[in-house]
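Below is one structure; the comments refer to it alone.
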Amino acid sequence: MGECLMATIPTPPTFASNDSSMDNLIALANCVTFLSDCGTRPEFHLYHKGSTVSLTSLTDKTLTLGSVAFDSDGVSDGTGATIVTQGWYDFTCCASFTPSTTSAVLQLRIEMISGASNPHFTSGTTVFIATSGGDAVDLATADTAYSFGGLSPTCLYPGDKIRLDAWMDSSGSFSVNDNVNTSFMVGRYPPTLTGYFVCPGT
Amino acid sequence: MSGLTLPTIPVIPAGTIATAAQMNQLSAACTFLLGKPISSAFDNTGGQSISNTTSTILQLSGSRVDTDGMFSSGNNFFTVNTMGWYRYRYQINVGGTTSGTCYVSWGAVGFGSNSPYFGTSSMQFAQSGAQQDGIFGCNITGGGLVPVLLYPGDEVFLRCKASATGAALVTSSLPPTGAMMEWVSA
């Protein structure tokens with residue numbers, strides 16, 4: 001995991017008549033910075049780069065999103081994200097799976113694994129944030145692709161982990177396509193996970 | 001509930017001394033944005049059937065976060081309290097019974113009396129769909145910016161229709177059927 005930066009959630013100041021407090025002006029500036037600058041407010045975009053990842057039937061497979069496009073709060077942990085700043089978060093993911101001519105069920109999930117600081121769950125509890133899936137495309141010339149997201153089920157706390165998991169039933173034979181950039185129907189883009197801080201909470 | 005107050009951004013001409021009131025208006029704008037309207041509601045009951053003859057309004061029975069009182073237990077929709085553009089996102093979890101049944105879902109806006117569209121038909125947006133597996137069901141997700149400025153009293157709800165007699169919604173350990181709304185801008 002990268003350096004723990006932890007964004008500071010600002011507190012809007014209250015001004016009195018003839019107020020000459022520089023601290024109050026700085027507090028106001030900090031609010032604007034937090035709200036307008038995605039380099040300050042926690043936001044991240046992670047993706048998978050490298051070898052193709054194969055799924056095993058009836059077994060959850062955590063996709064490794066070890067590459068970082070941007071990460072303002074140092075949440076990247078080599079697999080997914082570990083939350084640094086407490087708050088409500090929204091997540092979006094996408095992934096495409098190699099073609100299979102066998103009719104199969106394929107599912108992609110954004111999951112949260114609670115850390116020791118989260119008072120809403122016992123540490124290590126897996127909670128699904130969003131799921132998309134069903135019967136996969138059974139053509140040899142087209143990927144099954146998912147793009148979806150969701151709001152965290154509770155306010156997230158430092159140490160909560162965010163993961164992207166794939167699952168297929170026993171009849172499937174899928175692997176995650178990396179971006180080979182040779183076709184519009186197959187292997188067009190890598191698996192990605194994006195998240196951003198929505199608002200403070202407990 | 002009357003909703004949050006949209007902040008007023010003051011105009012402070014060059015050469016003037018900003019008043020406390022003006023500075024507090026700026027501070028109030030930041031307070032609004034830090035705690036803007038957002039609501040997430042879900043179905044923790046399950047068992048609702050999806051019709052193949054008419055579209056079904058999906059039931060919502062609980063709320064996780066609701067900073068502006070948009071969700072009320074007993075309603076199956078969000079009621080807008082603060083005017084603005086909103087983002088809407090939803091997920092529907094269908095159980096596994098008959099393989100091959102297809103589901104189509106969408107968000108819909110019912111316009112209240114404050115809206116200039118009051119009296120017109122509901123607006124549909126963010127259509128999605130999936131095909132059901134006989135054992136594992138299917139998960140349908142969708143969402144996007146509600147394509148119209150929302151006014152206090154407007155209602156936003158989730159509809160779904162099946163291609164054949166539909167299976168019941170499930171709750172289980174998956175994220176339950178539900179939806180969320182997030183204020184984006186004035």
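The values are calculated or read from the model by the stated rules, or taken from the named source; none is laboratory data. A quick note: this is a predicted structure, and the numbers were derived from the prediction, not measured. Glycine also receives a Cβ, built like all others from the backbone with ideal geometry; neighbour counts cover every protein chain displayed. Areas reflect the complete protein model, heavy atoms only, side chains present, ligands, DNA and RNA absent. Shrake-Rupley method; radii C 1.70, N 1.55, O 1.52, S 1.80 Å.
Of note:
- In segment B:2-22, the residue that is nearest to the other protein chains (Cβ to nearest Cβ) out of those that are closer than 30 Å to B:Asp66 by Cβ and open to solvent by 70 Å² or more (accessible area, probe 1.4 Å) is B:Ile9.
- Check on A:Val32, among the β-branched types (Val, Ile, Thr) and assigned to a strand (DSSP E or B): no
- Look at segment B:20-48: where a residue is at negative phi and a partner is open to solvent by 40 Å² or more (accessible area, probe 1.4 Å) and of a type in the set (D, E, K, R), sitting 6+ places away or on another chain with Cβ atoms under 6 Å, you get B:Ala20/A:Asp19; B:Ser39/B:Asp66; B:Ser40/B:Arg64.
- Residues in segment A:68-81 that are open to solvent by less than 10 Å² (accessible area, probe 1.4 Å) and either among the aliphatic types (A, V, I, L, M) or out of contact with any Cys (no Cβ under 9 Å at 6 or more places or on another chain) (or both): A:Val75, A:Gly80, A:Ala81.
- Note on segment A:102-144: residues that are more than 13 Å from chain B (Cβ to nearest Cβ) and of a type outside the set (A, V, I, L, M) amount to 10.
- Only one entry of B:Ser51, B:Ser55 meets the criterion of being polar (S, T, N, Q), more than 14 Å from the chain's Cα centre (by Cα) and surrounded by fewer than 15 Cβ atoms within 10 Å (Cβ to Cβ), and that entry is B:Ser51.
- Any hit, segment A:119-126, residues being closer than 18 Å to B:Gln131 by Cα and either open to solvent by less than 40 Å² (accessible area, probe 1.4 Å) or of a type in the set (Val, Ile, Thr) (or both): no
- Condition check for A:Phe128: assigned to a strand (DSSP E or B), within 29 Å of B:Tyr103 (Cα to Cα) and within 22 Å of the chain's Cα centre (by Cα): yes
- Taken over segment B:58-95, the criterion of being open to solvent by 30 Å² or more (accessible area, probe 1.4 Å), touching a Phe, Trp or Tyr at 6+ places or on another chain (Cβ under 6 Å) and not polar (S, T, N, Q) is satisfied by B:Phe77, B:Met83.
- Residues in segment A:149-184 that are hydrophobic (A, V, I, L, M, F, W, C), open to solvent by 10 Å² or more (accessible area, probe 1.4 Å) and modelled with pLDDT of 80 or more: A:Leu151, A:Trp167.
- Being touching a Cys at 6+ places or on another chain (Cβ under 9 Å) and more than 11 Å from every other protein chain (Cβ to nearest Cβ) holds for only one residue in B:Ile92, B:Ile38, B:Ile57, and it is B:Ile57.
- Residue check, B:Gln25 of a type in the set (S, T, N, Q) and more than 14 Å from chain A (Cβ to nearest Cβ): no
- Screening B:Leu169, B:Leu150 for residues that are open to solvent by less than 10 Å² (accessible area, probe 1.4 Å), over 16 Å from A:Ala130 (Cα atoms) and of a type in the set (A, V, I, L, M) leaves exactly one candidate, B:Leu150.
- Failed item, numbered, when B:Asn75 is tested on (1) over 10 Å from B:Leu150 (Cβ atoms); (2) in a strand (DSSP E or B); (3) away from chain A (no Cβ under 11 Å): (2)
- Residue list for segment A:185-202, restricted to those being among the aliphatic types (A, V, I, L, M) and either under 19 Å from A:Ala95 (Cα atoms) or at pLDDT 95 or above (or both): A:Met185, A:Val186, A:Leu193
- Scope segment B:110-139; condition crowded, with 24+ Cβ neighbours inside 10 Å and part of a strand (DSSP E or B); matching residues: B:Asp133, B:Gly137, B:Cys138, B:Asn139
- Test: residue in segment A:98-107 that is more than 26 Å from B:Lys36 (Cβ to Cβ), under 15 Å from the mean Cα position of the chain (by Cα) and of a type outside the set (Phe, Trp, Tyr): no
- Single residue of segment A:1-59 satisfying the filter (small (Gly, Ala, Ser), within 25 Å of A:Pro191 (Cα to Cα) and open to solvent by 60 Å² or more (accessible area, probe 1.4 Å)) that is farthest from the other protein chains (Cβ to nearest Cβ): A:Ser51
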